[in-house]
Amino acid sequence: MNSTAESRLYYFDNLRAFAMIAGVFFHAALAYSPMSHGIWFTSDAEQSVVVDWISWFTHLFRMPLFFVIAGFFVAYLVINRGMGNMLWNRCKRIVFPFIIFWPLCMWAIVAGMVWAATHVEQKSPLLQMIAYAMANPGTPPPPPTTMHLWFLYNLMFFCLFTWILGYINFNWIKQKISQLHPIVLLILFPLLLTPALTQVAAPIPAPESFFPQLWSFGFFGLFFAAGYFIYQQENFLDKFKNYSLFLLIGSIGIYVFYFSLLPEAFSFIPAADSFAKKLLLGSLEAIIACWMTLFCVVTGKKCLNFRNRFLRFLSDSSYWIYIVHLPIIFAVQYKLMDSDFSLITKYSLSVTITLAIAIVSYLILVRWTPIGWLLNGRKK
Amino acid sequence: MSQTLNLNIIKKLILKDWYLNQKIIAMYVAGAILALSFISLGEAQFYMASVLLICVLIGLGNHQIAITIINERKEQTLPFIMSLPISPLDYAIAKLIANMTLFLIPWSLIVLSLLAILITTELPDGLIPYSVIFCTFFLVNYFITWAVGMAIEAEGVVIFVMVFLNCLTSPFMYVLGKTPAVMDNIQGKEALWNSTSINILTIEIVVALLVILIALFLQTRKKTFL
């Protein structure tokens, strides 16, 4: 797989675009999720359990998939350009965008939130809390978080770990793993992920704190490491070709059971579950995350490994879309909260308007400008 | 005295030291990330992680001085450097920039992280002056060790200085703990920078700068490396 630097692996590019744009659909859906009603800014009066069923399923593997892809491309950079160049490249593509866009996104989200707290009639529980805090000055503000840009923040650490662990010879582990039977790997990898997930409440939260999160290293970090490994092992993914259907059906079956164990509503202070329940939920999440991520990668290799102008555009624009999508979604959904539209209409409108604004702004402000060079490199 | 610095060689010497220190920096960065990953989880974790961060600071400082100054002499790298067209001052400046960047960047990141933790968590902000003074103490220790290493270049002496300065950590904590002006507000909600705290910090910074200047001055007086 690392034989020719030029051979661009289109399915990883395409999968990355889908994983990032799936984030828009996911975050837009949270407004209509009964489970996240108490913890989301734009929670709408209209809700549907179908939203929960679909969105929390995708939530379990969307970001793991993204980290596999990130690990894959970091391995590509290390092997083809060296460790120093990888670090500099990631600095340009991850650290600088984070430093530039985090304050802007923070400002946009806070400004929207303040506007909504004073203008929206049918406030969500979270907006009501904010309106109350605004009316009673002196309430300490919550500590700043990395928000939806947490993946950039975590990626910085994973790239640092790549450098740190680069001094250790892992060849014997790689050899052992590559010799294992696929079924063993499908059991072993979720087992490795489970300890991290027992440390946090289900469903997998976003590690958005500025303090490094150990559980995130043990969960998303392992997916990143898996992506790194996959790049180095030619034909590794082919081992799982015949298991695609099993991975999909198995994951859906396990998800049905997992979903029945989730609380009816999430809160900022999760209920204190017993260790046994945490272990059960953590292992189910680990299995679904591992199997569905693998399913996406294997299916992507089979169905998305081609060059297409539209997909290429999607891939190029996905980074920008992801960075700006959340403030836009919030702004659109604040406006929709007092409207009488149906849930489907509100959801479709919030996704369509968000994508339209993000794509138009990409074309005007990013694609051929220094912002585009920063995010995707210069176009040749 | 007028000397022209050989900037090209200085740059190469700095890059050499950075290159030779990559591995240990990686190791200490891993330790710092580990400490930061559980430092915000509570008061007990804060103190445990703080100890780990202090160990990282001490280890990082001493380890890189051992690699860049002591080993250079022991492993006969210095005779090679002596063959280059550089003066002792060029050499000292290269060492100063290489070592200071290798230590000051991680030190600054650790201090900033500590401050961020104190400001954004339930931990009392009153700890800020104490923490800053304490972290600066390690900075001063590092500068003194570096200066002695540069001036004397003898392994035994440098090790003795390292051990001696590390032995001062507990007495320093004790003296600081018995200073009411620093300790009275330690559980306070806001950081209180009174004249005592500022004076201690100023003295630390002055001592740090002074030892660097003395080391550089001694280097300018050297005509040869021997």
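Numbers below:
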{"read-out": "Count - residues of region B:81-94 that are modelled with pLDDT under 85 and closer than 23 Å to B:Asn141 by Cα", "value": "3"}
{"read-out": "Those residues of region B:181-226 which are part of a loop (DSSP other than H, G, I, E, B), charged (D, E, K, R) and more than 30 Å from B:Phe80 (Cβ to Cβ), in sequence order", "value": "B:Asp184, B:Lys189, B:Glu190"}
{"read-out": "Number of the condition not met by B:Thr77 [criteria: (1) touching a residue at least 12 places away in the same chain (Cβ under 8 Å); (2) in contact with a helix residue (DSSP H, G or I) (Cβ under 8 Å, 6 or more places away or on another chain)]", "value": "(1)"}
{"read-out": "Checking A:Ala75 against (1) in a helix (DSSP H, G or I); (2) over 21 Å from the mean Cα position of the chain (by Cα), the condition it does not meet", "value": "(2)"}
{"read-out": "Residue satisfying condition, being β-branched (Val, Ile, Thr) and free of Cβ contacts under 8 Å to residues at least 40 places away in the same chain, within set B:Ile119, B:Ile93", "value": "B:Ile119"}
{"read-out": "Among residues of region B:16-58, those that are in contact (Cβ under 8 Å) with a residue 24 or more places away in the chain, within 11 Å of chain A (Cβ to nearest Cβ) and farther than 16 Å from B:Ser131 by Cβ, counted", "value": "6"}
{"read-out": "Checklist (1) part of a helix (DSSP H, G or I); (2) surrounded by fewer than 22 Cβ atoms within 10 Å (Cβ to Cβ); (3) among the acidic types (Asp, Glu) applied to A:Glu285, failing item", "value": "(2)"}
{"read-out": "Only one of A:Pro203, A:Pro207 that is assigned to a loop (DSSP other than H, G, I, E, B), within 14 Å of another protein chain (Cβ to nearest Cβ) and in contact (Cβ under 8 Å) with a residue 40 or more places away in the chain", "value": "A:Pro207"}
{"read-out": "Tally, over region A:335-358, of residues that are farther than 18 Å from A:Ser124 by Cα and surrounded by fewer than 17 Cβ atoms within 10 Å (Cβ to Cβ)", "value": "5"}
{"read-out": "Matching residues, region B:97-149, being away from chain A (no Cβ under 14 Å), among the hydroxyl-bearing types (Ser, Thr, Tyr) and in contact with a Phe, Trp or Tyr (Cβ under 8 Å, 6 or more places away or on another chain)", "value": "B:Thr101, B:Tyr142"}
{"read-out": "Residue within region B:135-149 that is modelled with pLDDT under 90 and either β-branched (Val, Ile, Thr) or over 20 Å from B:Ile110 (Cβ atoms) (or both) present", "value": "yes"}
{"read-out": "Residue among B:Leu109, B:Leu78 that is farther than 18 Å from B:Thr220 by Cβ and modelled with pLDDT under 85", "value": "B:Leu78"}
{"read-out": "Answer from B:Pro124, B:Pro129, B:Pro106 - the residue that is within 30 Å of B:Lys189 (Cα to Cα) and not in a helix (DSSP H, G or I)", "value": "B:Pro124"}
{"read-out": "Whichever residue in region B:43-67 is surrounded by 14 or more Cβ atoms within 10 Å (Cβ to Cβ), of a type in the set (Gly, Ala, Ser) and more than 12 Å from B:Asn99 (Cβ to Cβ) and, among such residues, is modelled with the highest pLDDT", "value": "B:Gly59"}
{"read-out": "Unmet criterion (only one of (1) away from every other protein chain (no Cβ under 14 Å); (2) under 30 Å from B:Tyr28 (Cβ atoms)) for A:Ser244", "value": "(2)"}
{"read-out": "Residue that is farthest from the other protein chains (Cβ to nearest Cβ), among those in region A:128-146 that are surrounded by 15 or more Cβ atoms within 10 Å (Cβ to Cβ) and closer than 16 Å to A:Ala116 by Cβ", "value": "A:Ala131"}
{"read-out": "Inter-residue pairs, beta-carbon under 6 Å, first part of a loop (DSSP other than H, G, I, E, B) and in region A:233-248, second surrounded by 14 or more Cβ atoms within 10 Å (Cβ to Cβ), 6+ apart", "value": "A:Gln233/A:Ser178; A:Glu234/A:Met1; A:Phe236/A:Ile230"}
{"read-out": "Test: residue in region A:26-37 that is surrounded by fewer than 20 Cβ atoms within 10 Å (Cβ to Cβ) and touching a residue at least 40 places away in the same chain (Cβ under 8 Å)", "value": "yes"}
{"read-out": "Failed condition for B:Leu165, given (1) within 14 Å of chain A (Cβ to nearest Cβ); (2) outside any loop (DSSP other than H, G, I, E, B); (3) under 24 Å from B:Lys178 (Cα atoms); (4) not β-branched (Val, Ile, Thr)", "value": "(1)"}
{"read-out": "Any hit, region A:161-176, residues being of a type in the set (A, V, I, L, M) and outside any helix (DSSP H, G or I)", "value": "yes"}
{"read-out": "Unique residue being over 24 Å from A:Phe268 (Cβ atoms) and within 13 Å of chain B (Cβ to nearest Cβ) when the list is A:Leu160, A:Leu192, A:Leu186, A:Leu222", "value": "A:Leu160"}
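The values are calculated or read from the model by the stated rules, or taken from the named source; none is laboratory data. The structure displayed is predicted, hence computed values, not measured ones. Every residue, glycine among them, receives a Cβ derived from its backbone with ideal geometry; neighbour counts consider all protein chains shown.
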